[in-house]
Amino acid sequence: MKIFLDTADLNEIKEASSTGLIDGVTTNPTLILRSRNTLYSTAKLLQLEHPTFESISTEVVADTAEEMVEQARQYLNIGPAVTIKVPCSVEGLKACRTLSSEGVKTNVTLVFSVSQAILAAKAGATYVSPFVGRLNDNSFSGVALVQSIAGTYATQRASTQILAASLRDVHHVGRCFAAGADICTIPTKVFWKMYDHILTDSGLAQFQKDWEEATK
């Protein structure tokens, strides 16, 4: 099980990473805009400050595969964790196939069906990102999609990893891992909420009280 943070906030990433439980980061144009930083500088700082990260997703936005590949090349010298994020479209998968054939890590995003996940795997994607929360918003089960992709990949022995994305609560993190996700990428606030449980809090309070009594 691997956990990525879905944010471009460097301070949030640093704090969460100090736990030793974070394996990578995903970003997108919206998150980069909120950070008031550039994608290149964000990726470079993350690679420098977090050299153990498996993946740092850097999304390309263009109309053609050639333009996507050209954009991607400006990030490849940053470091080994750099992963090029492309959309699950005809041009995006062309770019994925080109980059994957060159040994570049790729993340196919905006996946909403098993058929799209099959195409991503055939294009050589390192990761495929089904959008769980956005599917739920439209009255489809995002967790069921993760489960279906996992079953298909297992049957076909596909090497592409399932990166469950658009997760908005702790409940869905557990369900996606149970459904076969290799990775969950989550907002920082969801990561911190994973620690919380009312019974843990009450248990700690009781232990603290008893310890104080025992050490009087």
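Values quoted throughout were computed directly from the atomic coordinates according to the rules given, and no laboratory measurement underlies them. Everything numeric in this text was worked out from a predicted model, so none of it was measured. Cβ coordinates were reconstructed from backbone atoms using ideal geometry, including for glycine residues, and neighbour counts include every protein chain displayed.
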Residues of the stretch 76-116 with amide N under 17 Å of a point placed 7 Å along Cα→Cβ from residue 38
76-79
For residue 83, other-chain or 5+-apart residues with amide H closer than 5 Å (H placed, Pro excluded) are 56, 57, 58
Just want the ordering: 189, 216, 105, from fewest to most Cβ atoms lying within 10 Å of their own Cβ.
216, 189, 105
With the label point 7 Å along the Cα-to-beta-carbon line of residue 204 and a cut-off under 18 Å to each amide N, the hits in the stretch 153-181 are 170
Sorted by Cβ neighbour density within 10 Å, fewest at the top, the residues 211, 192
211, 192
By how many nm would the segment from residue 215 to residue 90 lengthen if fully extended, with 0.36 nm per residue of separation less the alpha-carbon distance?
38.2 nm
Expressed in nanometres to one decimal, the distance between label points 7 Å along Cα→Cβ at residue 113 and residue 19 is 3.6 nm
So which of 2/105; 2/44; 14/105; 14/44 end up more than 19 Å apart by C-alpha?
2/44; 14/105
With +1 on each Lys and Arg Cβ and -1 on each Asp and Glu Cβ, and nothing else charged, work out how big the dipole of the stretch 60-103 is about its Cα centre, in Debye to the nearest 20.
200 debye
Please express the shape of the stretch 2-214 as an equivalent ellipsoid: the semi-axes are the square roots of 5 times the eigenvalues of the C-alpha gyration tensor, given largest first in whole angstrom.
32, 22, 14
